[in-house]
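Okay, so here's the structure we're looking at.
The values are calculated or read from the model by the stated rules, or taken from the named source; none is laboratory data. Since this is a predicted model, take the numbers as computed values, not measurements. Here the Cβ is made from the backbone with ideal geometry for all residues, glycine too, and neighbour counts use every protein chain on show. Ligands, DNA and RNA are excluded from the accessible area calculation, which covers all protein heavy atoms including side chains. Shrake-Rupley method; radii C 1.70, N 1.55, O 1.52, S 1.80 Å.
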Amino acid sequence: RFDFIAGAFYQQSDQKFDEFGALNVRTGTAFLAFLPPESIAALEQLGPANTATVISADLVRNFGTRARAWSVFGQGVWSFLPDWRLTLGLRFVSERKSGFRDFATYQPGTEEDVDPATAAVLEQLLIEPHSLRGSRSSDLLLPSINLQHDVNDDIMAYVSWTRGAKSGGYDARNNNEQDGPNGGATNFEYEDEIADAAEIGAKTKLLDGAAELNMALYRVEYEDMQVSVFDGVAGFTVTNAGSAVVQGVELDGRWLLTDAFLLSGSLAFLDFEWQRYDDGPCYFGGPEGNEEGTCNFAGRENQQTPNWTAALSGTYSGLIGPGLEWAATLDVNYRDDHFTSGDLDPRGEQKAYAKLNTRISLGAPDGRWAVALVGKNLTDELTTGIGAPVPLDTGGYMITSERPRTYGIEARYSF
């Protein structure tokens, strides 16, 4: 009537990296460091001269963190009635972390400080030598509760609530030690991200076990959500955005239409809304920001949060004699319109698309070995994975495209 699991966990991690980069600042970028945005049109008159290099420097970044974390946890399942189960869990996590970031600007090919003229331009581009140190600690209590009810032999309904956390830490990518929303000193340390998740759903068997249908309705409330933000010039900063609510509905199922054909599918609706995000990144040419140069995102969505996603897959399989099994799968995956950059720049909006994939395999019936021909994105859809402003190129924008049509061969053998 009562099952439980308990344990303890310890982890230590040390991270350090050294980075060198040669920076070349073009004429247009140097002018924009000192001129107001409305002067961009005038710079067009310079034509190709905008691309001439006028400032050069070597940038050296040293960053490291050291973390020690331990936790104790326990979870118990109480079957208080034949068809009712209550699961209670609790985890305590304690972490101690320290971090440093050293950043230097040198004359090209030397270890000498940049000259005053170069330093003045770099400062306007939010690039300046600095040295930052910090240490932090956090103690978190993470409870969970889950109530399950077997309505009958084919339906299990549940309701759950749980709290999760993502550890805070130190930012490696900022280029200065200034204060303010984009300041490297203000944002050197970021806090733990906390998420409270509630869910209600059911798992069902249909057609005498030939089919399954699962459904879930969920809501997740985030506090101090961690985001990576472009500083508007040349760097990115990990910081805490504020609060957000993510809620939605998910359905997934499988149906064995015949002994040889399995149909699977899923459908999900997601609604993401920032509740509080005062210092969001403004995109070039968009709404004017506040006096700090940031934009209020309250009520807006986030990057990579399409409202609708869906998938449909069919697998046909059979035997070729007693020792050989074959299978062929065709699936289609759909994603609704969504933004691909955190500043919600319309240039990075990816329109809805569907991608077609296939897999044809041959192998042993016991799964000992298999070879397969795999094809992905068969219709060769051109889609954006990530969008972002171009550092040191005011108004510039870049995207990374996802893989085009791709073919491959897989081989697997179990010893």
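The rows are residues; the columns are (1) assigned to a loop (DSSP other than H, G, I, E, B); (2) of a type in the set (V, I, T); (3) open to solvent by 50 Å² or more (accessible area, probe 1.4 Å).
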{"position": "A327", "(1), (2), (3)": "no, no, no"}
{"position": "N333", "(1), (2), (3)": "no, no, yes"}
{"position": "I386", "(1), (2), (3)": "no, yes, yes"}
{"position": "Y407", "(1), (2), (3)": "no, no, yes"}
{"position": "E410", "(1), (2), (3)": "no, no, yes"}
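Look at (1) crowded, with 17+ Cβ neighbours inside 10 Å; (2) within 30 Å of L122 (Cβ to Cβ); (3) not small (G, A, S) and you find that V390 fails only one, number (1).
Out of the strands (runs of 3 or more DSSP E) lying entirely within region 161-248, which hold 2 or more residues that are surrounded by 16 or more Cβ atoms within 10 Å (Cβ to Cβ) and modelled with pLDDT under 95?
In region 161-248, 226-230, 236-240 are the strands (runs of 3 or more DSSP E) which contain 2 or more residues that are surrounded by 16 or more Cβ atoms within 10 Å (Cβ to Cβ) and modelled with pLDDT under 95.
When R276 is tested against (1) farther than 30 Å from D331 by Cα; (2) surrounded by fewer than 17 Cβ atoms within 10 Å (Cβ to Cβ); (3) out of contact with any Gly (no Cβ under 7 Å at 6 or more places or on another chain), exactly one condition is not met: (3). Evaluate the following for T258: is it assigned to a strand (DSSP E or B) and hydroxyl-bearing (S, T, Y)? No: the conditions fail for T258.
Would you confirm whether any residue within region 132-139 is within 15 Å of V60 (Cβ to Cβ) and touching a strand residue (DSSP E or B) at 6+ places or on another chain (Cβ under 6 Å)? Yes. Residues that are within 24 Å of D179 (Cα to Cα), of a type in the set (A, V, I, L, M) and modelled with pLDDT of 80 or more number at least 2 in the following helices (runs of 4 or more DSSP H) confined to region 19-134: 116-124.
Restricting D150, D139 to residues that are among the acidic types (D, E), open to solvent by 70 Å² or more (accessible area, probe 1.4 Å) and part of a strand (DSSP E or B) narrows the list to D139. You will find that of L251, L262, L217, L270, the residue that is touching a residue at least 12 places away in the same chain (Cβ under 8 Å) and touching a Pro at 6+ places or on another chain (Cβ under 9 Å) is L270 and no other.
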